[in-house]
1. Where Rh denotes the Kirkwood radius from the mean inverse Cα pair distance, what is Rg over Rh for segment 270-318?
2. Summing +1 for each Lys or Arg and -1 for each Asp or Glu, what net charge is found among the other residues whose Cβ lies under 15 Å from the Cβ of Leu335?
3. How far, in nm, would the chain grow between Arg434 and Asp56 when pulled straight, counting 0.36 nm per residue and subtracting the alpha carbon separation?
4. Accessible area per residue for segment 65-107 in Å², computed with a 1.4 Å probe and the full protein assembly in place, what is it?
5. Exceeding 18 Å between C-alpha atoms, which entries from my cross-link table qualify? They are Lys66/Lys121; Lys198/Lys235; Lys30/Lys169.
6. Round to the nearest 0.05 the FRET efficiency obtained for Phe148 and Asn77 when R0 = 25 Å and r is the Cβ-Cβ distance.
7. Out of Gly283, Leu433, Gly61, whose Cα points farthest toward the positive end of the dipole of the chain (charges: +1 Lys, Arg; -1 Asp, Glu; placed on Cβ)?
8. Give me the net charge of Met1's neighbourhood, meaning all other residues with Cβ under 14 Å from the Cβ of Met1; Lys, Arg count +1, Asp, Glu -1.
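The values are calculated or read from the model by the stated rules, or taken from the named source; none is laboratory data. Predicted model, so just to flag it, every value in this text is computed and none were measured. Here Cβ is always computed from backbone atoms with ideal geometry, including for glycine, and neighbour counts include all displayed protein chains. Heads up: the accessible areas ignore ligands, DNA and RNA and are worked out on the full protein's heavy atoms, side chains in. Shrake-Rupley method; radii C 1.70, N 1.55, O 1.52, S 1.80 Å.
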Amino acid sequence: MRLSVVMPVYNEALTLPEILDRVQAVSIPKEIVIVDDGSTDGTRDFLRRLESELEDARRGGTVDEKNEIRIFYQEPNQGKGAALRRGFAEASGDIILVQDADLEYDPREYPKLVGPILDGKADAVYGSRFTGSPRRVLFFWHHLANKFLTLCSNAVTNLNLTDMETGYKALRADFVKGLRIRSNRFGVEPELTAKLAKMRARIYEVPISYAGRGYWEGKKIRWTDGVVALWTILKYGIVDDQDNADAGYQTLLRLGRAERYNRWMFRQLAPHLGKRVLEIGSGIGNLTRYLVGREFVLATDLNPRYLRILANTFERHTRVHVLPLDLADFDPAALAAYRLDTIVCLNVLEHIEDDRQALRRLFDILVPGGRLLLLVPAHRRLYGAIDRSIHHYRRYERSELVERLQEAGFRAEDTTFFNRLGVAGWYLNSVLLRRTRVPGFQLRVQNFLVPFLRAEAALRLPFGLSLIAVGRKPS
């Protein structure tokens, strides 16, 4: 895997030549992405000379292939977060490692930082200054502030980091490039941590040495940055991060916290489940976790972010396999080899333009006697802004869904309306108020009211927010 070392630089003329030498001395092949953030102390003069030397080396055929150096400039000074944002975008490696341009962190520890990622155990590795490695003793109040911010960050992310504010981080590029970093200054550390936590990234910590410097040597962080960091923790840890999640992802995150609701939904499906299950559109695994006791579970999705989350969540469960699958375009024969007796397809069919063809393909996958369990949004008159924002082509009437199943070859064994109390909230938000997301508060209320929702199911009223259908392939 290719390593990209991203180095944000601001007024580091005294230390930049030395740290570059140390980085280049590490035997790992890498690219070094330097982002100068509006330096005014002579740092840019050094970088211009370095660019000239690199150009001469290219012309002379003496380029150091193990240390490719790329330099970028920002105007005016915007802060460390802005420099990292540019560096992440420019990096071409599979692993991105953040290296400050001072001499506080030791590049000889790169193997320690990238090791858990190379071993397939981690998506992000934090170098902790507080877990036993040698470190220079400095600044009690600075240390206390770090501990306090780490504690606050852990409280809202439910992680147990010892050093959230560390400047030494190694990250899988496909994870970090999928994030929109908004913080321009030192708030980037808690923002990055909060967003990795929400993506369910596997985060490791490794002990690192640390040689902190004094303010007279160029240390730039101030008490005001601590205040900003605390605000960032609250902003991205507690409040939904609208910048980094489409409406579908936001809904999945909120549903993931509605455990009563998810268990209730699973209980509606459980009597029809077999031993070898294909789940289509697994999302982030809200329902998949209830399937892990089966003989074999094939969890699928089309979204790369969801696939990464699924792989991380179920990496220890050998009976759960994760695969990419596009319901609109796949080969049924390849999946038929798994001898699947159940297909679970929840809130997916409405996203497929040609749902008839999709159902015929699902029919071809199942073994004789196998079942297809469908959950789709019900009632055309409920179609509104939320449906459009999460790319629903339609909502279904009961007769229409039964007809679709029969056309594909299934025998419709059961159709049941689900979540009748949710109809009023959906109509209010999606049709009348034209909101594009289900409000998190209303989902929490619905989760709390699950016992009452179970009671309303006994009434068998001819309407509901969703429709559950069970189709069986003839033996």
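1. On the way: Rg = 10.4 Å, Rh = 11.0 Å.
Taking Rg over the Kirkwood Rh, I get 0.95.
2. -2
3. Gain on stretching Arg434 to Asp56: 130.0 nm.
4. Details: 1590 Å² over 43 residues.
Value for segment 65-107: 37 Å² per residue.
5. The pairs that break the limit, which is 18 Å between Cα atoms, are Lys66/Lys121.
6. Efficiency for this residue pair is about 0.35.
7. Among Gly283, Leu433, Gly61, the one farthest towards the positive end of the dipole of the chain is Leu433.
8. Working: positive: Arg2, Lys30, Lys121, Arg172; negative: Glu31, Asp94, Asp119, Asp123, Asp174.
Local charge sum for Met1: -1.
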